[in-house]
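Presented below is the structure to which this report refers.
A short reminder: the numbers here are calculations on the coordinates, not readings from a lab. Everything numeric in this text was worked out from a predicted model, so none of it was measured. Counting neighbours? That spans all protein chains shown, and the Cβs are built from the backbone with ideal geometry, glycine included.
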Amino acid sequence: MSVMPTDLRTGTVGDVMTPGVLTCLPATPLRDVARMMARHRVHAIVVFGADDSLHPWGVVSDLDLVAAIGTPATAGTVAASPVVTVTPELTLEHAATLMAENQTSHLLVVADTGLPVGVVSTLDVARALAGG
């Protein structure tokens, strides 16, 4: 990660995103999703369809996980869908607007090829706003 920009109008998603994407299938039990989050210290797991590993269709956030406690839910039943995607070049201001408009705390960052390269969260934007 590079130095955090303090101006959301000029800082980019690529400046603050967490590189890499942790994934699971829709049938993954939430306990397994929770283990992944805890082990890797992340707040979101991207859900890919079993028949299409190139196009994500949902994101399970830590809040989704907490809301489903006590239910027999799986990643596929609680994942927010559709996935909101951005490119690394997008400004943080625009990313923050997309988060607010879509009521989501995580955006999937994709390369020009459409393949996922990372995740940007509201905490990433907050860190940038705070100056790192």
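At-a-glance table
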| item | result |
| --- | --- |
| Members of region 68-98 found to be outside any helix (DSSP H, G or I) and either on the phi > 0 side of the Ramachandran plot or over 14 Å from the mean Cα position of the chain (by Cα) (or both), listed by number | 68, 69, 70, 71, 72, 73, 74, 89, 90, 91 |
| Test for residue 110: is it touching a residue at least 24 places away in the same chain (Cβ under 8 Å), under 15 Å from residue 12 (Cα atoms) and buried (at least 18 other Cβ atoms within 10 Å of the Cβ) | yes |
| The one condition in (1) without any contact (Cβ under 8 Å) to a residue 40 or more places away in the chain; (2) of a type in the set (Gly, Ala, Ser); (3) in a strand (DSSP E or B) that residue 118 fails to fulfil | (1) |
| Residues satisfying the stated conditions in region 50-79, i.e. crowded, with 17+ Cβ neighbours inside 10 Å and either without any contact (Cβ under 8 Å) to a residue 12 or more places away in the chain or of a type in the set (Gly, Ala, Ser) (or both) | 58, 61, 68, 73, 75, 76, 79 |
| Counted residues, region 14-67 - those being outside any loop (DSSP other than H, G, I, E, B) and in contact with a Pro (Cβ under 7 Å, 6 or more places away or on another chain) | 8 |
| Tally, over region 3-34, of residues that are over 17 Å from the mean Cα position of the chain (by Cα) and not β-branched (Val, Ile, Thr) | 10 |
| Failed condition for residue 47, given (1) free of Cβ contacts under 8 Å to residues at least 60 places away in the same chain; (2) out of contact with any strand residue (DSSP E or B) (no Cβ under 7 Å at 6 or more places or on another chain); (3) under 23 Å from residue 13 (Cα atoms); (4) aliphatic (A, V, I, L, M) | (2) |
| Considering residues of region 80-107 that are touching a residue at least 60 places away in the same chain (Cβ under 8 Å) and acidic (Asp, Glu) only, the residue farthest from residue 46 (Cα to Cα) | 93 |
